[in-house]
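**Q** Sending over a structure as structure tokens; questions will come in a sec.
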Amino acid sequence: MAEPSTSSEPARPPPWTKPLRAPVELLGDLSIFFAQSVAAIFRPPYRVGLLFNQLEFMAYGSLFVVGLTGLFTGMVLALQTVYAFGLFNAQSLVGATVELSLSRELAPVFTCIVLVARVGSAVATELGTMRVTEQIDALESLGRSPVSHLLLPRVLAGLLVVPALTMLANATGIVVGYMVAKGSLGLTYGDFEYGARYFFRPLDLWYSLIKSYCFAAAVTLIPCYIGFNTQQGAEGVGRATTTAVVSASVAILLLDALTTRLLLVAK
């Protein structure tokens, strides 16, 4: 009599747990993806030329749009605060409000969302196209690591570029905010500077830098991950680009809420 066969396959989780497992699995995959890129930093050869190509694309190519974002953000913020504080005769707080709002919140968030639209979409499209046309597979067959060749230059460039562009948005917004406040209200430089200097602390700039470093991972890492895992040809590339932009934008807003809470508690 034949003995019943015992299956060694692990039990599959029930289907209703898929919505709960998907975010955890995605976070785990992103963590492994990021760990691979960090490990590639210490593994030669170092592709400095690829890094400078990405720096040129992300930094030089984004100067205009980031400067424009900081310009209009500072302009609108100054107009709104001039009107609001004018109701309470508190015009001396305009400079402090513009400086605090830009450095702590608006400059890093708006800069990174603009970079996701420009850089993140391009990264996801480029890597997705390379995946569906089997160029990444060709790199692997030649013995080259796709992580060090494609992922690492983009992630490192993002970590270097995003904080610098955030500082550019800060400076542009504050200067334009002063010009708008002076033109619309006749606010003197002394009044604007008094509010900004009285409430300014070096920690405010660290807010921008810390947030921009956290957001830089979302700007480059998420589009790289989605581009690397693109499937289904040209249709999949378009879907991957859309998914990368939406996912990175949502991640930036989520990280903004988390870092704001942590920084306010730790101050």
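The values are calculated or read from the model by the stated rules, or taken from the named source; none is laboratory data. Not measured: the values here are computed from a predicted model. Note: ideal-geometry Cβ built from the backbone for every residue, glycine included; neighbour counts use all protein chains shown. Heavy atoms of the whole protein, side chains included, go into the accessibility calculation; ligands, DNA and RNA do not. Shrake-Rupley method; radii C 1.70, N 1.55, O 1.52, S 1.80 Å.
**Q** Look at residue 200 and say whether it is surrounded by 23 or more Cβ atoms within 10 Å (Cβ to Cβ) and of a type in the set (Phe, Trp, Tyr).
**A** No, not satisfied.
**Q** Please identify the pairs in which a residue from the range 240-267 that is outside any helix (DSSP H, G or I) has its Cβ atom under 8 Å from the Cβ atom of a residue that is open to solvent by 40 Å² or more (accessible area, probe 1.4 Å), counting only partners at least 6 apart or on another chain.
**A** Sorted first by the residue in the range 240-267, then by its partner, the pairs are 267/203.
**Q** Take the residues in the range 119-147 that are small (Gly, Ala, Ser) and at pLDDT below 85; name whichever of them is farthest from residue 229 (Cα to Cα).
**A** My answer is 143.
**Q** Can you tell me which residue among 168, 139 is among the aliphatic types (A, V, I, L, M), touching a residue at least 60 places away in the same chain (Cβ under 8 Å) and assigned to a helix (DSSP H, G or I)?
**A** After ruling out the rest, the residue left standing is 168.
**Q** For the range 89-113, which positions are open to solvent by 30 Å² or more (accessible area, probe 1.4 Å) and either over 25 Å from residue 264 (Cβ atoms) or among the hydrophobic types (A, V, I, L, M, F, W, C) (or both)?
**A** Passing the criteria: 89, 91, 93, 100, 106, 110, 113.
**Q** Sticking with this one: For residue 64, are the conditions met, namely being open to solvent by 50 Å² or more (accessible area, probe 1.4 Å), closer than 25 Å to residue 246 by Cβ, among the aromatic types (Phe, Trp, Tyr) and free of Cβ contacts under 8 Å to residues at least 40 places away in the same chain?
**A** Against the criterion (open to solvent by 50 Å² or more (accessible area, probe 1.4 Å), closer than 25 Å to residue 246 by Cβ, among the aromatic types (Phe, Trp, Tyr) and free of Cβ contacts under 8 Å to residues at least 40 places away in the same chain), residue 64 qualifies.
**Q** Now a separate question. Quick one: in the range 23-52, which of the residues that are open to solvent by 80 Å² or more (accessible area, probe 1.4 Å) and touching a helix residue (DSSP H, G or I) at 6+ places or on another chain (Cβ under 7 Å) is farthest from residue 244 (Cα to Cα)?
**A** Of everything passing the filter in the range 23-52, 43 is farthest from residue 244 (Cα to Cα).
**Q** List the pairs whose first member sits in the range 104-123 and is of a type in the set (S, T, N, Q), whose second member is in a helix (DSSP H, G or I), and whose Cβ atoms are under 6 Å apart, counting only residues at least 6 apart or on separate chains?
**A** 111/66; 111/165; 111/166; 111/169; 121/241; 121/245
**Q** Pairs under 9 Å by beta carbon, first residue of a type outside the set (Ser, Thr, Tyr) in the range 33-48, partner open to solvent by 70 Å² or more (accessible area, probe 1.4 Å) and part of a helix (DSSP H, G or I), six or more apart or different chains?
**A** Sorted first by the residue in the range 33-48, then by its partner, the list stays empty.
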